[in-house]
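Working notes, beginning with the structure itself.
Read-outs throughout are calculated quantities, based only on the coordinates presented, and are distinct from any laboratory measurement. Since the structure is predicted, the reported quantities are computational estimates derived from the model, not experimental observations. Every residue, glycine as well, gets a Cβ built from its backbone with ideal geometry; the counts of neighbours run over all protein chains shown.
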Amino acid sequence: MDIAPPRITETAAPPPQIEVAGLTKLYGDLPAVTDLSFVVRSGEVIGLVGPNGAGKTTTLRCLAGIIPPTRGAVRICGFDLARQPIEAKRRLAFFSDEPRLFDYLTVAQHLTFIARIYGVAGYQETGRQLLEELEIAGKADKLPIELSRGMKQKLAIACGLLHAPQVIFFDEPLTGLDPIGIRRMKDSILKRARAGAAILISSHLLHLLEEVCSHVLILKDGRKIIDGSLEEVRQRFSEQSGGGNLEDVFFRATGETKGEA
Amino acid sequence: MLGALLFYQYHSWCNRLLARLRRLRQPKYLVGAIVGGLYLYFCFFRGSAGSRAARPPPLPLAVPPDLNDLPQTLAALGFMVMVLLAWILPHSRAALAFSEAEVAFLFPAPVTRRTLINFKLLKSQAAIAFSSLLLTLIGRGWGGGHPLIRMFGWWAAFSVFNLHLLGSSFALTMLMDRGLSNWKRRAIFLGGAAAVAAAIFLWMRHSLPPFPSAPDQDGFKWIVDYIGQVFQSGPLPWLLAPFRLVIAPYFASGFVEFLKALAPVLAIIVLHYFWVVRSNVAFEEASVELSRKVAERMAAVRSGNWQAARQPKKAVRPPFTLRPPGPPWVALFWKNLISAGQYVTARVWLMLVWVAVFAGLLLQTQLRRGGGGLEVGVLFFIGMLLAMSLFSGPQMLRNDLRQDLPAADVLKMLPMPGWQVVLGEVLAPAAMLAAVQWLLILFAAIFFPRHFEKHLIPLAARLTVALAAALLLPLIDLIALLIPNAAALYFPAWYHLGKDAPRGFETMGQQLILTFGQLLILILALLLPAGVFTAVFLCLSFLGWPLLGVLLGALAAAVLLATEAALGLRLLGGVFTRFDLSAELL
C-alpha cells in the first residue's frame, strides 16, 4: 500500500484545526514549554520532535485539555479550549504511549461507553469496522487484562477514532505494536489526514515521521527551534551544511551530534 | 551471597526510613505524623505507660476459673483450622513472593535455591515481628501474661505457620506434579476432616450428656461448661496436642514457663525449616507471576484504589443497555456499576443466602416459642446496619472519583462539564447504598413492633416513617459521597493517587484527619435539613397532624438536601475542571 505523505497543494490553504498561540507551561518555577505558537491545518500531519525533556508530552497534554497551560491560548477547530472545552474536546482524540483503559470494561463495553460520551449514533457498525481494521474483532468480549499490550493499544485507538475526530494527537503511537500493526498504524494516520483530520505526532522514530508527516516542529528545552513543511525544514538546514534526512536535520537543529546521542 | 541480600534488605529499610523522615519537612506529612503519633500513643501506649495507675488493669478473658484452659484450647483449634485450610485452599503452584526488582536481579544471578528461600524467610521475619508487635499492642486484654511473653508468643505461632504454609505449598505442588488435581486433593482432605469431625460427634453423642435444650439461669455458662467437657475429654485433646504446643508460649504465665514452652516450638520451627529447604520444588516461574500480581496490587492499593487491587477475572454483564443518545454522565454511572459488579460474586450471593437462611431459621424458632423480643432485636439490628451504611458505606464503596482519579487524564479529556463527571462518578455508589437502605427500610417497616410500651403503632405511622426515610437517605448518601470525593480532589496527595504514594504512620494521621473532617462536614451539612424537619414536624404535631409533619418535614429536608447536593456538585465540578494533573499526579 502506498504510504506517501500527504502533499500540500498550492491552492487555497485549508482551514486551521489546531491553533496554538504563546503556549507556556510551568511546573512550579520550571518552564516545560515556553511561548510556543504554531498552526496545523486540515489534512496536515505534523511531527513533534525533540530530545528527552523538550516538552513534547507536556505540549500534547495541554493541547488535549488534560493539563491547563500556564499562559497562552489553544483553539481546536475554532473553539477555544479554555472557554469552550466541551466543543473543543468533542473534536479531538489523544493517544498516549501507554494505553489508558478501564480494567473492568470489555472491548465492546469500551466502545459503548465512548459512544454514549460522544453521542455516536450507529456506533455498532463503525465500531465493528474499526475493530476489524485493527484486527481485534474477535476480542469484543475480552477484558483489557486478557489482551496483549499491542491489542490494548489497538483498543485505545479504536476508542479514540470512534467519534471520527477532526484533530488527533499521538504520543509515541507505535510503542508496543508489531510490524504489521506499525504498517497499519501508518496507513491509518495517512487515511485520517486525507479525510481532513489535523494530526500531531510526537515520536522519537524520525524515519516514521519522515514517512507520514507533511510538517515538522522541533522543540528543545520547551522552546520551538523551527517548524514548517518537511521540505522547508530540510532546505533550511541543508543550506547551512548540506545533507538530507530528518535525522540529520534533527541533530543540526538541536545542536547535538550523532556521537553525543 | 546471603550477606549481599541482607545488605540490600538493610539498606532498603534504612533508605525508606530516611525518605520518610525527609518527607516530614512537608507540613502535610508533619501534621499527619503528629496526629498519627498521638493516635498511636493514646490507643496503645497511654495505658501501658505512666498513666497505668489511673486506669484499671486489663481483664483476663472472661472465663470461669475452672475453665482457664479454654482460651488455649480454642486458640489451638483455630490454629488447627488454619493449618487445615493451608492444605485445602491453595489452587496454584508454590510461589515465593519477591518484588519485581528482586526477581529481575536475583533470579538470573548465581544464587542458589536455598539462599533464595533463606532470604525470603529472613525477609518474612520483619513482617512477622511487626505483626507480633502490633497484635501485642492491640490485644492487651487477650490473656494476662507479660507483654514481652505475648509478643514472642505471637512470633512463635506466626513463624511456625509461615513455615508450614511454605512447606505445604511445596508439598501440594509436588502432589500436583504427580497428577493429583486440586479437586481430588480437596476431596481427600475435606473427607478426612469430615471423618474426624463425625467420629468426634459420635463420641460426643455416646459419652456426653445431651445438649441442653434451653438456657439455664446462669446465662451462657451452660454453653461454656459443655464446650469445656468436649475439649477436655475424648479424642479432641489428642488431636489438638501439637497445635497447643505451638500456642503454649503465648499463654505462659511467667518467663520460666515461657522458656519451657518455647523449646518444643523451636524444635518444630527447625523441623519445618528442613522440610522447606529440602523440598525439591521449582517455585521460580510461579514466583515471577506472583511478583507481577503483587506489584500490580501494591500499585493499586498505593493509589487508593483498594478494589482495583483485585484484578477483574471475568467480564460483567452491564446493568442496563447504554445507548448513544442521552446525557453522557449516565455512561460514567453505567461504567462504575459494571466496576462494582466485579465484586458481587457467587461467593457474596452464597453468603447472603446463608445469612437469610440462618435469620429465617432463627425467626421460625423464636416465633414457635412465642418470643416477643425478636422484633425489637431485628429492628435494632436493621438500625445498626442503616447507620453503618450511612457512615461506613461511603468509605467502603469507592467506585467513584476515588477509584478513577488515577485515570484522571482520561476523564479530563471527556467532552463533559466537570459537574457531570462528578455526578456520573458518585451516582453508582449512591445508587448501591440507596438500594441496600431501601431494602433495610422495608424490613424495618415489616418488623416494627405493632405495640411499643403498650402503645399501638398503626400501619400508617410505620409506612409514613419508612417513606420519609426512603426519601431522605439517598440524598444523604449523595452528600456523604460528595465529601470524600471532594477530599480526593482537594487533597489528592492525601488520597495516595500517585504511583509512588507514601505510606507510614504519618499517612495514617492524614487518613484520621480526613475521616474526622468528613464526619464533621457531613454533620454540618445535615444540621439545617434536620432543623427544618424538626420545626415542620413539631408545628404540625402541635396542630394534631404528626404523620403529616413527618412527611412534609421530610419533603422540606429533602429539598434542602437536594439543593446542598446540587451546590456540592457545581462546586466539585469547578474543582475538577481546574484540577491540574501536572501539579498533583505527574
Under-5 Å amide H pairs with A:GLY50, H placed in peptide plane, nonlocal only | A:LEU219
Would you work out which of A:ILE86, A:ALA195, A:LEU206 lies farthest towards the positive end of the dipole of region A:60-214, given +1 charges on the beta-carbon of Lys and Arg and -1 on that of Asp and Glu, about the Cα centre?
-> A:ILE86
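With a ≥ b ≥ c the root eigenvalues of the C-alpha gyration tensor of region B:1-49, is it rounded (a/c under 1.5), prolate (a/b larger than b/c) or oblate?
Here region B:1-49 falls in the oblate category.
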Please give the average number of partner chain Cβ atoms lying within 10 Å of the Cβ of each residue in A:67-76, rounded to a whole number.
-> 2
Using alpha carbons only, how many degrees (0 to 90, rounded to 10) separate the axis of helix A:107-118 from the longest principal axis of chain A?
-> 70 degrees
Across region B:338-347, in residue order, what do the Karplus-derived ³J(HN,Hα) couplings come to in whole Hz, using 6.51 cos²θ - 1.76 cosθ + 1.60 with θ = phi - 60° and x for Gly and Pro?
-> 4, 4, 5, x, 4, 9, 8, 9, 4, 5
How much length is gained on full extension from B:CYS14 to B:LEU30, taking 0.36 nm per residue of separation minus their Cα-Cα distance?
-> 3.8 nm
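Among A:165-171, A:132-138, A:72-78, how do they line up from the highest to the lowest mean number of other beta-carbon atoms within 10 Å?
Sorting A:165-171, A:132-138, A:72-78 by mean packing, highest first, produces A:165-171, A:72-78, A:132-138.
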Taking only the alpha-carbon positions of chain A as identical scatterers, the Debye log10 I(q)/I(0) at q = 0.13 Å⁻¹ comes out as -0.85
Relative contact order as a percentage, region A:122-257, C-alpha pairs under 8 Å and 6+ apart, gives 16 percent
Spin-label pair B:ALA101/B:LEU208, simplified geometry with 7 Å Cα→Cβ offset, distance in nm = 5.4 nm
Output ordering of B:126-137, A:244-255, A:56-67 (per-residue mean of other Cβ within 10 Å, highest first) is A:56-67, A:244-255, B:126-137
Quick one: net charge around B:PRO415, please, counting Lys, Arg +1 and Asp, Glu -1 for every other residue with C-beta under 13 Å from its C-beta.
-> +4
Scan region B:1-41 for trypsin sites (Lys or Arg not before Pro) in coil per DSSP, keeping those whose Cβ has at most 16 other Cβ atoms within 10 Å, and list them by number.
-> B:ARG25
Looking only at other chains, what is the average number of their beta-carbon atoms within 10 angstrom of each beta-carbon in A:140-150?
-> 2
Peptides ranked, highest mean first, by Cβ atoms within 10 Å: ranges A:29-39, B:318-328 = A:29-39, B:318-328
If the limit is 30 Å between Cα atoms, which of A:LYS56/A:LYS191; A:LYS154/B:LYS28; A:LYS56/A:LYS142; A:LYS186/A:LYS224; A:LYS191/A:LYS224 go over it?
-> A:LYS154/B:LYS28; A:LYS56/A:LYS142
